[in-house]
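This report concerns only the one structure given below.
Please treat every number below as a calculation from the coordinates, not as lab data. For clarity, every value in this text was computed on a predicted model and none was experimentally measured. Note: ideal-geometry Cβ built from the backbone for every residue, glycine included; neighbour counts use all protein chains shown.
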């Protein structure tokens, strides 16, 4: 009798699992589609670019795009990590300006608006990284241990850091960055900019880390359900602080690339240019959820490339200067809507 | 006498559950009707229907003999009947007077342009408070009031709206003894002034003290309704539990308890020692509770909501920190409120609310199950989906987890299978002590039996100890002894399975021999 019952139970289980398996296979297809949601948009944009301007598809223009977006891309990786864990950090743009500013100020001569300390440029890079660590740690402590709201903490931090960035050089822009300091942003390997290679590496490493490292998985767990992660014994607070630190360090590296590219650190770099909007836009267009726990590096990278291509087309077409911002904003909104339409309910949140 | 409220032939279904089956209920002016019943008997549903929050599927509610207002007309309902819920409904940022007149402030000037007449509002609030002898200042912000004072504000709000019928839903759940006394005085005073009161409580002794009549709900039916003077405690407990044959030893068939063969390897699980744990959280007070769970012992904790059984289990699991007291496993102090430390010490945790703490909905079943052992299964920090699934598969099979592959997001699984993931996650770490809180809540009967049998088998096989907090008596069948908590203290202990169902229920109500 009990044998019959067991058999019956096993049979029901089989049927149910077969049904759910079919359901899930279609779900898997849909999720793959979501990851590639931006691909058709990108293809259309590239066709548009090629039609509008014969220069668009040349190697020099494409590597130019690559160099332009790599600094932004590295910051987007940082912001994506923070978004994935269910946080947000507005101050990445200020770190992107302040970290290279402090370093440049300490290494260039007083005549180039330096502090006069003329430190070794390699030491400068260490200082740059240290600034990133310090800012991220401060944010993390205030938000995680101090239980302050991340939005307002990082907003306050943004203004503070941008003020320091302006203050130490009295509004000047240190220039004449020594070779090693400018290398990352200005050198090429063959025809390919070093910054593009490094940015691509950072994307790949971050993507693999998120997929295969237990801390990467912990980021998804915490962003997806913080209390469940805690109940499973994950050291939630430690990981969260760590991610804020990683995000700020990546922002500092992005800032180093930008400084090298233009071979000076403008007092407006970062906050003054308002790059945080592009950072958030790229991440969200790329399917990284502002609610946490959802998104990946493939999406984030395609968001960055999309913004870069649009910017490049506008530049090539000599879009009227006074209208650039308006067009930029419109493009971001359209891209968001497209991502939503293609990606379905869960995307672009 | 025309009843202030009469409910006739009320039926309500939620999906496949028939929550209320033809309930008849009358509330008379100047009477206080106690409504009792076990969890899931239909009390909350009845309250929602009487307060005009959900419509009944069949039957009608009448006020003073008139048909009830339409469901959307909140103001009209509030003028007829007011409910003081378990969770306070006052707006913390507003003052007492503003809360009393929320949405119907006295105005100066006509129509939509009329401005709030602050002076009159405060004066009226003061007058009502004074009339009833309530002692709360009208211009205090409600956020700074005690739970008891907030309740007073809610009652005042009802009286100010002209309501002469009150529903009090577990009003003493969050009050300390003095507060309960004063609440009873107020209820008596209201009753004598002709207010009709429905008093819902888990505490039978309160019902005996304050109510004039009593009604018992069981499985959605009103099984008993009588004046208080005509029933005894035994009658109430019997009515709540059901027919005598169901009130026997706790079902389902208890597994043979005595002479349990222990782990042949002979590894003895460590003792758990909890000493003088004190904690105050919303609705629960634990006052200096101590207990010991010997290695391999399976101990049940039970009690009504707010009794502290759940909080105590959470503290042992490191999911909550006590205000004072300590938890030791194998004589080693576990850092309070540090779930990661408790896990390292060998404590597995099946949380009460699986949605909140049990799983990460977007991640796969295997990843959720192995979340407690990522350090163990990763090499240089790296771990792939395949390895996770290898580790999760035996547990998933053991618990008959039904999924479309172990990579399927847990969000897509049924409630019962989500619970299996939650249980598997706790078992994955090979715990020396399993802390389980209502491990079978919201799962179907077959899964329920399977989960209990599996907890029983695993503790026998591995010699792990079990601390099982549950208000479902069926869960306690697998325990060697059961501790009953009442109002944050250990009230009594049952040491010999099978446990008498009726005696257990009486004990949770604070009745019976200590």
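Observations on the structure shown:
- Relative to the 2.2 N^0.38 Å rule of thumb, the stretch B:360-429 has a C-alpha radius of gyration ratio of 0.99.
- Sites residue B:344 and residue A:151 - FRET efficiency at Förster radius 25 Å, r taken between beta-carbons, to 0.05: 0.15
- Ranking of A:122, A:322, A:271 by neighbouring Cβ atoms within 10 Å, starting from the fewest: A:322, A:122, A:271.
- Report note on the peptides A:98-111, B:98-111: ranked by the mean count of other C-beta atoms within 10 Å, highest first, their order is A:98-111, B:98-111.
- Derived value for the protein assembly as shown: Kirkwood hydrodynamic radius 31.4 Å. Basis is the mean of 1/r over every pair of different alpha-carbon atoms.
- Average beta-carbon neighbours from other chains, 10 Å sphere, peptide B:382-392: 2
- Cα long-axis angle, helix A:39-52 against chain A (0 to 90 degrees, to the nearest 10): 40
- Fully extending the segment from residue A:204 to residue A:134 would add 22.7 nm, taking 0.36 nm per residue of separation and subtracting the current Cα-Cα distance.
- Label point distance in nm, residue B:233-residue B:182, each placed 7 Å from Cα along Cα→Cβ: 2.8
- Pairwise centroid distance, computed over Cα atoms, of the stretch B:427-500 with the stretch A:52-73, Å: 64
- Averaging the Cα positions of each part gives two centres, and for the stretch B:381-423 and the stretch B:211-237 these lie 46 Å apart.
- Cα pair distances exceeding 18 angstrom across the stretch B:290-425, given as percent: 60
- Cα centroid of the stretch B:283-318 to Cα centroid of the stretch A:202-249, whole Å: 32
- Calculated FRET efficiency for the pair residue B:386/residue B:223, C-beta based, R₀ 56 Å, to 0.05: 0.50
- Between residue A:277 and residue B:323, the C-beta separation translates, for a Förster distance of 45 Å, into a calculated FRET efficiency of about 0.45.
- Relative to the longest principal axis of the Cα atoms of chain B, the long axis of helix B:177-192 lies at roughly 40 degrees.
- Where Rh is the Kirkwood radius over Cα pairs, Rg/Rh for the stretch B:367-407: 0.98
- Sorted by Cβ density within 10 Å, fewest first, the residues B:429, A:173: A:173, B:429
- Rounded to the nearest 10 degrees, the angle from helix A:92-107 to the longest Cα principal axis of chain A is 40 degrees.
- The Kirkwood radius of the stretch B:1-140, taken over pairs of alpha-carbon atoms, gives through the Stokes-Einstein law at 20 °C and 1.002 mPa s a diffusion coefficient of 122 µm² s⁻¹.
- Residues B:332, B:157, B:398 arranged by fewest to most Cβ contacts within 10 Å: B:332, B:398, B:157
- Counting 0.36 nm for each residue step from residue B:495 to residue B:275 and taking away their Cα separation leaves a gain of 77.2 nm.
- Contact order normalised by residue count of the stretch B:7-127, Cα under 8 Å, 6+ apart, percent: 18
- Between residue B:209 and residue B:48, the simple spin-label model (points 7 angstrom out along Cα→Cβ) gives 3.1 nm.
- Label-point separation, residue B:127 to residue A:48 (7 Å along Cα→Cβ), nm: 6.8
- Sequence-separation-based contact order of chain B, relative, with Cα cut under 8 Å and 6+ spacing, percent: 15
- Inverting the pair-averaged 1/r between distinct Cα atoms of the stretch A:160-297 gives 17.2 Å as its Kirkwood hydrodynamic radius.
- Full extension of the chain between residue B:332 and residue B:375 yields a length gain of 13.3 nm, computed as 0.36 nm times the residue separation minus the alpha carbon distance.
- Relative contact order for the stretch A:40-343, counting Cα pairs under 8 Å that sit 6 or more residues apart, in percent: 32
- With the cut-off at under 16 Å, measuring from each backbone N in the stretch B:27-60 to a point 7 Å along the Cα-to-Cβ line of residue B:89 picks out B:44-55.
- Projected area averaged over orientations for chain A, convex hull of C-alpha atoms, nm²: 21.4
- The mean number of partner chain beta-carbon atoms within 10 angstrom of a residue's beta-carbon across peptide A:218-229 is 6.
- If the convex hull is drawn through the Cα atoms of chain B, its volume per residue in Å³: 179
- 10 Å Cβ neighbours from other chains, averaged over peptide B:477-485: 0
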